[in-house]
Amino acid sequence: MQKRPNFFHHIHPPKISAREARFTYTFGLGGLTLYFLLILGLTGALELLYYVPSEAEANLSLQLINLFIPYGGLIRSIHFWAAQGMVITCILHLLRIVFTGAYKPPRNFNWLIGIGLLILTLFFDFTGYGLRWDSEIAWALVVGTNLAKSIPLIGPGLYDLVVGSVAIGPPTIVRFYGWHIYGLPIFAVILVSWHIFRVRRDGGISRSKEKAESPRRISRADLIRREVLVAMIMTILLLIIATLFPPSLGAKANFENLPEDATAPWFFLWIQQLLRIGSPFLMGVLIPLIFILVLALLPYVFDKSPKGVAIWFNREGRKVQWIVIIIAACILALTIKGALL
């Protein structure tokens with residue numbers, strides 16, 4: 001009797017072209033991003049058993065998890081590194097989509113959902129940093145929340161929505177906790193489900209219509225086995241990194257006596273460098289928004305050709321590729337400069 005496919009099988013089409021199913025085509029980046037999200041959900045749920053979202057006890061409760069809860073430090077370290085891994089794989093997945101033309105019709109709308117997921121991932125990571133409530137994240141909270149205030153017309157209301165008061169204080173950590181645990185996950189569930197649905201509806205892994213397709217196919221069961229193998233390898237790697245490089249945790253944040261050096265999370269170092277150049281709204285809000293808008297318009301303005309799908313560095317997408325390379329190079333250069341200062 002033939003075994004009926006389960007939920008994970010139904011995510012993929014029944015048969016997948018062997019060419020596009022090669023690891024060197026996708027590098028498993030989309031699956032790894034989803035894997036990190038699942039790890040974050042599991043480890044985050046365990047941390048919630050001991051974490052106290054209050055100005056007085058937030059940092060202390062994390063110290064308690066690190067020092068006194070069995071395997072608490074390891075769980076927190078896995079959660080931290082899974083979050084960084086998710087940011088990295090999400091960015092690399094976006095770059096892979098660009099350089100293989102997988103943003104072209106009919107996947108152009110799913111490209112927009114993917115950009116939304118990248119933004120959501122960054123906010124997830126930032127609010128998670130904020131919940132540490134330590135001296136290492138104090139400047140980032142002050143600068144990040146004040147950027148919201150700098151937006152014309154809606155700035156003060158947005159600041160109050162994020163901070164919960166006229167200045168960072170006890171209500172702020174409750175707001176960050178609410179967004180991190182309840183608000184952002186709602187959007188994440190909607191967008192992740194929609195993204196997977198669109199991938200499946202658009203035919204699964206993007207396939208080339210120009211290159212001669214090999215008659216060889218693999219079943220979705222074979223693809224699932226490959227994905228499980230990659231997940232197992234990543235689990236081992238994640239455990240090694242989490243054990244050898246536990247995340248730091250500074251003393252409780254004091255927003256009346258900030259550290260001398262302003263620091264930002266690594267994924268926002270480029271914005272920190274921009275803020276050294278000009279006004280907060282222009283450098284910290286408007287330029288990032290322009291980058292996002294340009295990325296969103298790639299399949300609608302800069303490359304509307306359906307040709308070149310699933311071909312690395314396809315000719316039709318050269319303009320888009322150069323736009324993304326320039327944006328990525330600017331962000332990377334600013335990030336490296338910020339890390340070295």
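The values are calculated or read from the model by the stated rules, or taken from the named source; none is laboratory data. Worth saying up front: this structure is predicted, and the values here are computed from it rather than measured. Glycine also receives a Cβ, built like all others from the backbone with ideal geometry; neighbour counts cover every protein chain displayed.
Only residues that are of a type outside the set (Gly, Ala, Ser) and over 27 Å from Ile331 (Cα atoms): list them for the stretch 250-269, please.
Within the stretch 250-269, Lys252, Asn254, Phe255, Glu256, Asn257 meet the criteria.
Regarding Thr127, is this residue buried (at least 17 other Cβ atoms within 10 Å of the Cβ), part of a helix (DSSP H, G or I) and touching a His at 6+ places or on another chain (Cβ under 6 Å)?
yes
Just to be sure I understand, how many residues within the stretch 22-60 are surrounded by 17 or more Cβ atoms within 10 Å (Cβ to Cβ), hydroxyl-bearing (Ser, Thr, Tyr) and part of a helix (DSSP H, G or I)?
Number of matching residues: 5.
Could you check how many residues of the stretch 42-68 are over 17 Å from Ile181 (Cα atoms) and of a type in the set (Phe, Trp, Tyr)?
1
For residues in the stretch 61-96 being among the aliphatic types (A, V, I, L, M), in contact (Cβ under 8 Å) with a residue 40 or more places away in the chain and under 22 Å from Ser248 (Cα atoms), which is surrounded by the fewest Cβ atoms within 10 Å (Cβ to Cβ)?
Per the stated criteria, the residue is Leu74.
Looking at the stretch 151-162, can you tell me whether even one residue there is of a type outside the set (D, E, K, R) and closer than 27 Å to Glu47 by Cα?
Within the stretch 151-162, one or more residues are of a type outside the set (D, E, K, R) and closer than 27 Å to Glu47 by Cα.
Evaluate the stretch 210-223: report whether one residue or more is within 30 Å of Gly73 (Cβ to Cβ) and in contact (Cβ under 8 Å) with a residue 24 or more places away in the chain.
no
As an exercise: evaluate Phe99 against (1) within 26 Å of Lys319 (Cβ to Cβ); (2) buried (at least 20 other Cβ atoms within 10 Å of the Cβ); (3) modelled with pLDDT of 95 or more and give the number of the one condition it does not meet.
Only one criterion in (1) within 26 Å of Lys319 (Cβ to Cβ); (2) buried (at least 20 other Cβ atoms within 10 Å of the Cβ); (3) modelled with pLDDT of 95 or more is unmet by Phe99, namely (2).
Output the helices (runs of 4 or more DSSP H) that fall wholly within the stretch 164-278 and possess 3 or more residues being out of contact with any helix residue (DSSP H, G or I) (no Cβ under 8 Å at 6 or more places or on another chain), surrounded by fewer than 18 Cβ atoms within 10 Å (Cβ to Cβ) and not basic (Lys, Arg), or say none.
By residue number, 170-178, 184-201, 220-244.
Filter the stretch 193-210 down to residues that are in contact with a Pro (Cβ under 9 Å, 6 or more places away or on another chain) and of a type in the set (Gly, Ala, Ser) and give me whichever is farthest from Phe99 (Cα to Cα).
Step by step, filter the stretch 193-210, then rank; the result is Gly203.
Filter the stretch 301-341 for residues that are at pLDDT below 95 and of a type in the set (Phe, Trp, Tyr); which is surrounded by the most Cβ atoms within 10 Å (Cβ to Cβ)?
Per the criteria, the residue is Phe302.
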